Amino acid sequence: MTKGNQKISERGSAEQENLWSEESQILSTWVKETQQGSQEAFAQIYNYLKNRLFSLAYRYTYNRETAEDILQETFIKIFTNLSTINNPETFIPWVYRVTINTALSYLRQQKKHFQAQVSAEASELEVQDVPGVESLSQREDQLHQAIEAALRTLPPKLKTVFLLHDVQGFTHEEIAAILGWRVGTSKSQLFKARLKIRDFLKQKRIN
């Protein structure tokens, strides 16, 4: 899974190691200014996070319009409830939690439709280009597409931890903060997710 994880990762190792400190410094001022009524500061927050959160929402729905709707609803919730954030260091975990919960809520409402769509698309390994992923060589692209197809088959809990760790680049400690899990739970769920993806690739005879 190492190669595949590298292909779809959207954050570098330096970002992973310094996520809280770097992003808290950047966002703390915008959060405080937004709480004081600055629309410009909230626009900065939106522009800073929108691509990352859109990519996350897209991998739950694999539909751009739906992902845009989820993103819009997410930012409405963020703006409406931003006054509850007292510690800037809790902002990023909270934002991701809001995004994930919004996406999962939508999926629950559309469960039957998406189950049929995901099953058909995954079996054919037909995967659309995913935002935030650079162009790859033909062989690497085949592996990437297979992993994306495998992601569509994962249960929400396993998909979430895989997306946060192997795609978004969060550490297990950060995932625990986002999801309200123990660190050990994050590690065990990621292990299960990777096993399922590996089994999917074996079934498709992709190395």
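Where a number appears in this text, it was derived from the coordinates with a stated rule and is not lab data. Since this is a predicted model, take the numbers as computed values, not measurements. Cβ: placed from backbone, ideal geometry, glycine included. Neighbour counts: every protein chain shown.
Counting other beta carbons within 10 Å of each Cβ, put E140, E22, E174 in order, fewest first.
Values: E140 15, E22 12, E174 21.
Ordered from fewest to most neighbouring Cβ atoms within 10 Å, E140, E22, E174 come out as E22, E140, E174.
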Check your understanding: What order do you get for 60-70, 76-86 when each peptide is scored by the mean count of other beta carbon atoms within 10 Å, highest first?
Key -> 60-70, 76-86
Practice item. Using only C-alpha atoms and all pairs of different ones, pull out the Kirkwood radius for the stretch 57-110 in Å with one decimal. Key: 11.5
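Among K196, K202, which comes first, then next, by fewest other beta-carbon atoms within 10 Å?
Working: K196 18, K202 10.
Arranged by neighbour count, lowest to highest, K196, K202 become K202, K196.
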Review point. Would you list H144, H172 from fewest to most Cβ contacts within 10 Å?
Key: H172, H144
